[in-house]
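Notes to accompany the following structure.
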2 protein chains.
Amino acid sequence: MKLASLANGRPDGELIVVNRELTCAVSAHAIAPTLQSALDGWRVAEPQLRELAAQLEAGTTEDEVFEFDPTTVLSPLPRAYQWVDGSAYVNHVELVRKARGAEMPEQFWHDPLVYQGGSDDFLPPLADAAFPSAEFGIDVEAETAVVTCRVPMGTKAANAGKHIRLLMLVNDWSLRNLIPGELAKGFGFYQSKPATAFSPVAVTPDELGDDWRDGTFHLPLRTHLNGELFGEPESGVDMTFSFEQLIEHVAKTRNLGAGTIIGSGTVSNYDRSRGSSCLAEKRMLETIEHGKPVTPFMSYGDTVRIEMLDRSGHSIFGAIEQTVVEAS
Amino acid sequence: MKLASLANGRPDGELIVVNRELTCAVSAHAIAPTLQSALDGWRVAEPQLRELAAQLEAGTTEDEVFEFDPTTVLSPLPRAYQWVDGSAYVNHVELVRKARGAEMPEQFWHDPLVYQGGSDDFLPPLADAAFPSAEFGIDVEAETAVVTCRVPMGTKAANAGKHIRLLMLVNDWSLRNLIPGELAKGFGFYQSKPATAFSPVAVTPDELGDDWRDGTFHLPLRTHLNGELFGEPESGVDMTFSFEQLIEHVAKTRNLGAGTIIGSGTVSNYDRSRGSSCLAEKRMLETIEHGKPVTPFMSYGDTVRIEMLDRSGHSIFGAIEQTVVEAS
């Protein structure tokens, strides 16, 4: 089942069910007005939404079917009560350290890094991304993410999988030149992590078939910059912590509310021929090889496209497609 | 005007208007079902809510008036799209550094420290606070907070005041023994900041009269631990950054969504005779004086009460009253 939120002038949009081919959709308003409300009452909403999705596939729905246009949707959750992003591809973290000549603590291989992100104002998947300065080191971070139902404090990884409701892709925009100063202050990211973007649709895990297993996506995540392929690392390779392990980590001292979004962090493979999911990684590889970075961060007018194809070459989530612009 | 969210079995509760004396209330459901929905449409909702509040004070409302019982309410926003906490009493930060023999960077006097908090699962103001271990260094942090409407990216302090809709008190529970390890990892707080609690009611700034000015509260914030007065520092003294300055800081690279909660950080005065707003500060003062802390962190069964009285001795926000318990 694929779900999206149609822009309707309200902060949370209108919940729609989208067909598998991403060509048409139907309003789910009669079942749940918004995706958050569906997640709040998932036990009741899910079977009804699945029935509507089956009717949409079969062409038997009595409701109005309309063309699915990804430019008309907001983020699946246009705003959320929690967005927490991991850094589960530890080889990427190791590389960051190596580029600045520092050892990575051994602890990082068994104790996940996560940061609490801002979740009040997500960008629509095909909206321009506006920044106040091109000097801030504008960078993309292509990631995968899960959306959970309510998770009780103390949930262990072995029991975490059943709390995962939906899967999405992420572009975790980062302002690299603001990060060192902000992290040096000790309280983590804030200004260096502007509004995040998610894929046009969120899908239930069964949409990935065997390519969702062990709490991990198992397909390449493709990033294009300015129309050229930049990276297609395998999301199932070198992911040190599964989403189930990330859930155990973030539920250690708190309950997680329904609609919590958990990100994987930048997808990255040891096999560097797969390319990268952020400019910072490419610049670190250049620094290690040549002593300094060559590839610049993004400028106004630059574009990014992030997508995941199934094994038949069909887009699963639709593409995040954004252009960097100057904030007005 | 004073607003609260009555527990009704739903995640966001039911919006109610409470009288100035905190003795009776009336449902605002016909105007806006929840506080978040009121904030989303404040221009329309505010005059209607103020009219209902005036009727409640005058005893002329035709709706059912019921006794206000703070044990029946959730946090004013039971969950929110953003909770960002400052550390605006820089003398407190300076003290933290002094206790461990470190200099505080001069930058901290003009560049605010903030962290992104979890906002998906706030504790009701009179609910028990459950933690998985008493060895985590359980501590309170008594603070003030504001709730904003939508704030555009790039808003300056001079224009920030008009975006402040409501004022509240906060208990920013902290797990002190988890902080050093977590901050050493570099990505900020996560497990060390469990669910936060807010005062029973949120009030419009006019409820404080002249004691809300220049984007700052100007009344003592009283904290009792196990029934004994622990601190009553003046919230208007030694606050290095006003809420208007904090808004400028947090809106530098993002819009803020309606219902964003911004906290002051632990209220703290140079005048140590005013006491403290967290155990960590008292322990640091003991460390500086005696070489080691004497006062322990909280244990199961310990209680905290956080309140702010007006100049006539009446509680403005109702009291946060919590007991530390073991998570089941």
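Of all residues in segment A:254-265, those that are at the interface with chain B (Cβ under 7 Å from one of its Cβ atoms) and closer than 15 Å to A:Tyr115 by Cα total 3.
Given the residues B:Ala319, B:Ala280, B:Ala251, B:Ala327, which is the only one that is within 30 Å of B:Pro152 (Cα to Cα) and of a type in the set (A, V, I, L, M, F, W, C)? Exactly one residue qualifies, and that residue is B:Ala251.
Kindly state which strands (runs of 3 or more DSSP E) lie completely within segment A:202-289 and contain at least 1 residues that are among the small types (Gly, Ala, Ser) and in contact (Cβ under 8 Å) with a residue 40 or more places away in the chain. By residue number, A:228-231, A:261-263. Residues of segment A:131-176 that are part of a helix (DSSP H, G or I) and within 14 Å of chain B (Cβ to nearest Cβ): A:Ala134, A:Glu135, A:Phe136, A:His163, A:Arg176. Looking at segment B:99-114, which of its residues are within 12 Å of chain A (Cβ to nearest Cβ) and either of a type in the set (S, T, N, Q) or under 19 Å from B:Leu279 (Cβ atoms) (or both)? If the condition is that a residue be within 12 Å of chain A (Cβ to nearest Cβ) and either of a type in the set (S, T, N, Q) or under 19 Å from B:Leu279 (Cβ atoms) (or both), then B:Gln107 is the only one that fits. Taking the conditions (1) open to solvent by less than 10 Å² (accessible area, probe 1.4 Å); (2) assigned to a strand (DSSP E or B) in turn, A:Ser119 satisfies each one other than (2).
Being open to solvent by 40 Å² or more (accessible area, probe 1.4 Å) and among the hydroxyl-bearing types (Ser, Thr, Tyr) is the filter here, so list the residues in segment B:288-322 that pass it. Answer for segment B:288-322, where residues must be open to solvent by 40 Å² or more (accessible area, probe 1.4 Å) and among the hydroxyl-bearing types (Ser, Thr, Tyr): B:Ser299, B:Tyr300, B:Thr303, B:Ser312. Open to solvent by less than 50 Å² (accessible area, probe 1.4 Å) and more than 19 Å from A:Gly161 (Cα to Cα): is that true of A:Thr260 in this structure? The answer is no for A:Thr260. Within segment B:208-225, the set of residues being surrounded by fewer than 18 Cβ atoms within 10 Å (Cβ to Cβ) and among the charged types (D, E, K, R) comprises B:Asp210, B:Asp211, B:Arg213, B:Asp214. Here B:Glu103 fulfils each of the conditions (1) farther than 29 Å from B:Glu21 by Cβ; (2) in a strand (DSSP E or B) apart from (2). With respect to (1) touching a Gly at 6+ places or on another chain (Cβ under 9 Å); (2) over 23 Å from B:Thr34 (Cα atoms); (3) open to solvent by less than 10 Å² (accessible area, probe 1.4 Å), the lone exception for A:Leu22 is condition (3). Look at B:Phe187 and say whether it is at negative phi and assigned to a loop (DSSP other than H, G, I, E, B). It is true that B:Phe187 is at negative phi and assigned to a loop (DSSP other than H, G, I, E, B). Residue pairs whose Cβ atoms lie under 8 Å apart, sitting 6 or more positions apart in sequence or on different chains, and linking a residue in segment A:13-39 that is closer than 23 Å to A:Asp120 by Cα and in contact (Cβ under 8 Å) with a residue 40 or more places away in the chain to a partner that is of a type in the set (D, E, K, R) and surrounded by fewer than 22 Cβ atoms within 10 Å (Cβ to Cβ), are A:Leu35/A:Asp12; A:Gln36/A:Asp12; A:Leu39/A:Arg165. The set of residues in segment A:226-251 being surrounded by fewer than 20 Cβ atoms within 10 Å (Cβ to Cβ) and closer than 25 Å to A:Pro124 by Cβ consists of A:Asn226, A:Gly227, A:Glu228, A:Leu229. In segment A:198-207, the count of residues that are within 14 Å of chain B (Cβ to nearest Cβ), closer than 24 Å to A:Val73 by Cβ and open to solvent by less than 10 Å² (accessible area, probe 1.4 Å) is zero.
Counting just the residues of segment A:212-243 that are among the acidic types (Asp, Glu) and closer than 21 Å to A:Asn171 by Cα, which one comes out nearest to the other protein chains (Cβ to nearest Cβ)?
So, considering only residues that are among the acidic types (Asp, Glu) and closer than 21 Å to A:Asn171 by Cα, the one nearest to the other protein chains (Cβ to nearest Cβ) is A:Asp238.
The values are calculated or read from the model by the stated rules, or taken from the named source; none is laboratory data. Being a predicted model, the structure only gives us computed values, none of them experimental. With ideal geometry, Cβ positions are generated from the backbone for all residues, glycine too; neighbour counts draw on all protein chains shown. Side chains included, ligands, DNA and RNA excluded: accessible areas come from the protein's heavy atoms. Shrake-Rupley method; radii C 1.70, N 1.55, O 1.52, S 1.80 Å.
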